[in-house]
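Below is one structure, written out as structure tokens, with a few remarks after it.
A short reminder: the numbers here are calculations on the coordinates, not readings from a lab. Everything numeric in this text was worked out from a predicted model, so none of it was measured. Methodologically, a virtual Cβ is constructed for each residue, glycine included, from the backbone with ideal geometry; neighbour enumeration extends over all protein chains shown.
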Amino acid sequence: MPTDAALLAGVPFFKYLDDDERELLAKQIDEVSVPAGQMVFEVNDPGGTMYVIRSGRAEVFFNDDTGERIVLESPGPGEVFGEISFLDGGGRTASVLATEDLDALAVDREDLDKLFRVHPQAGLDIIQAMGNRLRRTVDLLRHTASRNVNTEVEDRRSQVEKVADWIAAFSGSLTFLNLHIVFFAVWILLNVRWLPSWKPPLFDPFPFGLLTMVVSLEAIILSVFVLLSQSRQAEKDRIRGDIEYEVNLKAELEVAQLHEKIDRLHTEALRRLDNLQREVGKPR
């Protein structure tokens, strides 16, 4: 539905207009409301319309080739979105989701034709918005390096999982083996009369039933911790597989882009060579 001049007065984007100009522009601009959780538009939808937020908040995002959701920005009151397709008339370059109940002004090219004719400096706001968007996009791309699988898993470990990993790692070490050899040797020597004059306490005589029970309990407890650690290792392997897939996909896309650039350069070189041959072949 059409808006009124009073609504435009509170939007920084229209601060260059006087009351009469706002009144004229208000007759052309429509006000749209989008409930929270609903899409405003999606990637590749027809463009040509820019939105100025009066209240609420939106999320501008897209999914890359690996399916990862990349959030470009979360514009709020007074900010704009959809300005790229508004300027070039192409399809939407990102999707926009209303994260809060959104109240915005839908502006098309004809609506701002008079504004830019009378106040060309108003176009600087759109340029600034595009510059901010481009800067955030560059920052996101700069930090899209491949993830470290160890960091991905380590950060989510609970205290029990950390203990399980430590016990599983320690039980597979030579120190663990040497400690058990010494422990078993001392236990057996204290329960065997291996010298005529030696009178040990014999608290666990042959066949060492208490030692058998202790070893069995230790084996049960250790097996539980080892299984916990192995489950985490399986999760780590799964994440490693996902990361390797992302790396391979990115490498494949980069190779494809390089092929396209080389093809363009090859075509351009052939075109220039053909032009040179024609120039040389012209009669003088």
**Request:** May I ask you to order 184-190, 40-46 by the average number of other C-beta atoms within 10 Å around their residues, highest value first?
**Result:** 40-46, 184-190
**Request:** Quick one: order Glu235, Glu246 by neighbouring beta-carbon count within 10 Å, fewest to most.
**Result:** Glu235, Glu246
**Message:** Just want the ordering: Glu59, Glu279, Glu31, from fewest to most Cβ atoms lying within 10 Å of their own Cβ.
**Reply:** Glu279, Glu31, Glu59
**Message:** Given points 7 Å out from each Cα along the Cα-Cβ axis, report the Leu222 to Asp19 separation in nanometres with one decimal.
**Reply:** 8.8
**Prompt:** Taking only C-alpha pairs under 8 Å that are 6+ residues apart, what is the relative contact order of segment 150-281 in percent?
**Reply:** 26
**Request:** Could you please rank Arg157, Arg278, placing first whichever residue has the fewest other Cβ atoms within 10 Å of its Cβ?
**Result:** Arg278, Arg157
**Prompt:** Once amide H atoms are placed 1.01 Å from N in the peptide plane, what residues at a sequence separation of 5 or more from Val40, or on another chain, have their amide H within under 5 Å of its amide H?
**Reply:** Val96, Leu97, Ala98
**Prompt:** In terms of the Cα gyration tensor, with a ≥ b ≥ c the square roots of its eigenvalues, is segment 150-281 rounded because a/c is under 1.5, prolate because a/b exceeds b/c, or oblate?
**Reply:** prolate
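Sort the following peptides by mean Cβ neighbour count (other Cβ atoms within 10 Å, averaged over residues), highest first: 219-229, 76-86. Show your work: numbers first, answer last.
Values: 219-229: 13.8, 76-86: 19.5.
Averaged packing, sorted descending, gives the order 76-86, 219-229.
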